[in-house]
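Asker: Would you mind keeping the following structure in view while I ask a few things?
The values are calculated or read from the model by the stated rules, or taken from the named source; none is laboratory data. Keep in mind the model is a prediction, meaning the values are calculated, not measured. All Cβ positions, glycine included, derive from the backbone under ideal geometry; neighbour counts span all protein chains shown.
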Amino acid sequence: MTSAEPGGLADGADVAQDPAAGTYEQRSPDSPDIECVWQARATRVERYLAPAVEYWDLWFAREPDGEQLAGLSGPALGHRWISSVAGEHSWGVQLKAHVVVPGVSKSLLLGGEQRLLVQDQHIVIGQHRVPLPEYDELEAFVDRLLGLDLLRSDDDVRRMLSGEDVGYSERHRQRRVRAVTGLTRKRIAQLERAREAFAMLQQGVAPAECAVRCGFADQAHLTRSLRAFHGQTPARILAGR
């Protein structure tokens, strides 16, 4: 099992339901360090197309036989397929790009995944055992990991990514962002723009207008970006909404 990835939904709770496939819910807390928290319940074997994202994802799952799983997924440079099994309940938290896990190999940042040991309702992160959180405990769980330095929030990188002047040279900013996030600022901006375009198309905005509003050179550029990062063309996104 690997984590499900949100697709750029609006702030607040959002629930999607297909009785044949199960339910998916996500919400965006008022937090400087959390992009969103999510949960999914599957009623059949299913494969999902997950977009490229610049975020870490801490995920948890309870299998139909009661086995509990946990893992850490790094940012993904391209779209990928993930799967679930009937009766599985999974949930997790996506951390903003400036929040990282100290000591984790940079190779994990490139679409990789690391399973976490689960023992007696606890998970092992670094040298610490912490209680496995339920969906409604995820925000407090992230706060606890930050307090234990098992997660680290880089305020300078947060400000750099938001466009603030932090007093560093352009070269230093580029190096700092890549060292912390594993991605360049340009790639992060591309992912953000593709996510914005995907959300607009889901709302029914025409591809030509979407390309202009999101800053793409033309509609062909929009199509290439969405195909690379979301695995779908604008026409398919519009048809599937």
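Asker: Can you confirm whether Gly66 is at positive phi, touching a Ser or Thr at 6+ places or on another chain (Cβ under 7 Å) and not basic (Lys, Arg)?
Answerer: For Gly66, the condition - at positive phi, touching a Ser or Thr at 6+ places or on another chain (Cβ under 7 Å) and not basic (Lys, Arg) - is not met.
Asker: If you don't mind, there's one more thing I want to ask. Kindly check whether there is at least one residue in the stretch 59-68 that is in a strand (DSSP E or B), touching a helix residue (DSSP H, G or I) at 6+ places or on another chain (Cβ under 8 Å) and polar (S, T, N, Q). Working first, answer last.
Answerer: We begin by selecting, within the stretch 59-68, every residue in a strand (DSSP E or B); these are 59-62, 68.
Filter again for touching a helix residue (DSSP H, G or I) at 6+ places or on another chain (Cβ under 8 Å), leaving none.
No, the stretch 59-68 contains no residue that is in a strand (DSSP E or B), touching a helix residue (DSSP H, G or I) at 6+ places or on another chain (Cβ under 8 Å) and polar (S, T, N, Q).
Asker: What do you reckon, is Arg193 outside the structural domain of Asp33 (by TED's automatic domain parsing), surrounded by 12 or more Cβ atoms within 10 Å (Cβ to Cβ) and in a helix (DSSP H, G or I)?
Answerer: For Arg193, the condition - outside the structural domain of Asp33 (by TED's automatic domain parsing), surrounded by 12 or more Cβ atoms within 10 Å (Cβ to Cβ) and in a helix (DSSP H, G or I) - is met.
Asker: Specify which of the listed residues (Leu145, Leu150, Leu183) is under 19 Å from Val99 (Cα atoms), part of a helix (DSSP H, G or I) and either touching a residue at least 60 places away in the same chain (Cβ under 8 Å) or under 19 Å from the mean Cα position of the chain (by Cα) (or both).
Answerer: Just a single option satisfies the conditions, and that option is Leu145.
Asker: Inspect all residues belonging to the stretch 73-94 and state whether any of them is part of a loop (DSSP other than H, G, I, E, B), closer than 29 Å to Val45 by Cβ, out of contact with any strand residue (DSSP E or B) (no Cβ under 9 Å at 6 or more places or on another chain) and in the same structural domain as Ala40 (by TED's automatic domain parsing).
Answerer: The answer is yes, given that some residue of the stretch 73-94 is part of a loop (DSSP other than H, G, I, E, B), closer than 29 Å to Val45 by Cβ, out of contact with any strand residue (DSSP E or B) (no Cβ under 9 Å at 6 or more places or on another chain) and in the same structural domain as Ala40 (by TED's automatic domain parsing).
Asker: Considering the stretch 153-176 alone, what residues qualify as being part of a loop (DSSP other than H, G, I, E, B) and not aromatic (Phe, Trp, Tyr)?
Answerer: Asp154, Ser162, Gly163, Glu164, Asp165, Val166, Gly167, Ser169
Asker: Okay, moving on. Can you tell me which residue is modelled with the lowest pLDDT among those in the stretch 67-123 that are among the charged types (D, E, K, R) and over 13 Å from the mean Cα position of the chain (by Cα)?
Answerer: Here is the first cut: in the stretch 67-123, the ones among the charged types (D, E, K, R) are 67, 80, 88, 96, 106, 113, 115, 120.
If we keep only those that are over 13 Å from the mean Cα position of the chain (by Cα) as well, we get 67, 88, 106, 115, 120.
Details: Glu67: 94, Glu88: 93, Lys106: 74, Arg115: 93, Asp120: 92.
So, considering only residues that are among the charged types (D, E, K, R) and over 13 Å from the mean Cα position of the chain (by Cα), the one modelled with the lowest pLDDT is Lys106.
Asker: Can you tell me which residues in the stretch 17-29 are at pLDDT 90 or above and more than 18 Å from Ala97 (Cβ to Cβ)?
Answerer: Glu25, Arg27
Asker: Sort through Ala199, Ala211 and tell me the only one that's of a type in the set (Gly, Ala, Ser), buried (at least 16 other Cβ atoms within 10 Å of the Cβ), at pLDDT 95 or above and assigned to a helix (DSSP H, G or I).
Answerer: Ala211
Asker: I need a count of the residues in the stretch 229-241 that are of a type outside the set (Lys, Arg), assigned to a helix (DSSP H, G or I) and more than 16 Å from the chain's Cα centre (by Cα). Before the answer, list the steps.
Answerer: Step one: filter the stretch 229-241 for residues of a type outside the set (Lys, Arg), giving 229-235, 237-240.
Applying the additional criterion that residues be assigned to a helix (DSSP H, G or I) yields 229, 234-235, 237-240.
With the extra rule that they be more than 16 Å from the chain's Cα centre (by Cα), the set shrinks to 234-235, 237-240.
Matching residues across the stretch 229-241 total 6.
Asker: Any idea which residue in the stretch 95-116 is surrounded by the most Cβ atoms within 10 Å (Cβ to Cβ), counting only those that are outside any loop (DSSP other than H, G, I, E, B) and out of contact with any Lys or Arg (no Cβ under 9 Å at 6 or more places or on another chain)? Before you say what the answer is, go through the steps one by one.
Answerer: Within the stretch 95-116, the first condition is being outside any loop (DSSP other than H, G, I, E, B), and the residues that meet it are 95, 99-100, 106-109, 113-115.
Okay, now just the ones that are also out of contact with any Lys or Arg (no Cβ under 9 Å at 6 or more places or on another chain), so 95, 106-109, 113-115.
Working: Leu95: 24, Lys106: 11, Ser107: 11, Leu108: 17, Leu109: 20, Glu113: 16, Gln114: 14, Arg115: 11.
It comes out as Leu95.
Asker: Inspect all residues belonging to the stretch 134-147 and state whether any of them is outside the structural domain of Phe229 (by TED's automatic domain parsing) and over 17 Å from Val37 (Cα atoms).
Answerer: Within the stretch 134-147, one or more residues are outside the structural domain of Phe229 (by TED's automatic domain parsing) and over 17 Å from Val37 (Cα atoms).
Asker: Out of the residues in the stretch 72-130 that are touching a His at 6+ places or on another chain (Cβ under 7 Å) and not basic (Lys, Arg), which is farthest from Tyr48 (Cα to Cα)? Outline the logic, then answer.
Answerer: The initial filter retains those residues of the stretch 72-130 that are touching a His at 6+ places or on another chain (Cβ under 7 Å), namely 79, 129-130.
Those left that are additionally not basic (Lys, Arg): 79, 130.
Values: His79: 10, Val130: 30 Å.
The qualifying residue farthest from Tyr48 (Cα to Cα) is Val130.
Asker: For the stretch 64-80, give me the residue count where each residue is touching a residue at least 24 places away in the same chain (Cβ under 8 Å) and over 22 Å from Gly182 (Cβ atoms).
Answerer: Residues meeting the conditions: 3.
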